[in-house]
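The values are calculated or read from the model by the stated rules, or taken from the named source; none is laboratory data. None of the values given here were measured: they were computed from a predicted structure. Cβ placement follows ideal geometry from the backbone for every residue including glycine, while neighbour counts extend to all protein chains displayed.
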Amino acid sequence: MSEKTAEDRLGAVWQQYGRAILAVLVVALLVHDVFGTHGFLAMQRTKKEMEQVQTDLDRLNKENQQLAEDVKALKTDPHKIESIARSELGLAKPGEVIIKIPPGQQAEQNPAPKP
């Protein structure tokens, strides 16, 4: 007569270990929500990566705009072409003489006044 049914045994186990089982499950879910593949930390990393990509995109857009302006100036502005020809290619107009001074021997443009 002291036979316990399966339901009675389950009820006894649940009474004895139920809270511990629930606590373990809650802790496991919290750990998964924080450290899991789509958890809080992963989302923070993804957010930082997105901000970095947006920063890079903004920088590249500005650089692209500047290069487009340079291309337009090279196509339409003869003074721009002349300044590049003079500075980078060392070209001169007829009758001009170019004197190149090595960088180490160039004097400072605005020397500090001596006391």
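A few points about this structure:
- Options Lys47, Lys80, Lys4, Lys72; residue that is modelled with pLDDT under 85, among the basic types (Lys, Arg) and either part of a loop (DSSP other than H, G, I, E, B) or surrounded by 10 or more Cβ atoms within 10 Å (Cβ to Cβ) (or both): Lys4
- Residues within the range 83-104 that are outside any loop (DSSP other than H, G, I, E, B) and surrounded by 10 or more Cβ atoms within 10 Å (Cβ to Cβ), tallied: 4
- Hits in the range 9-37 - residues which are surrounded by 10 or more Cβ atoms within 10 Å (Cβ to Cβ) and either acidic (Asp, Glu) or within 28 Å of the chain's Cα centre (by Cα) (or both): His32, Asp33, Val34, Phe35, Gly36
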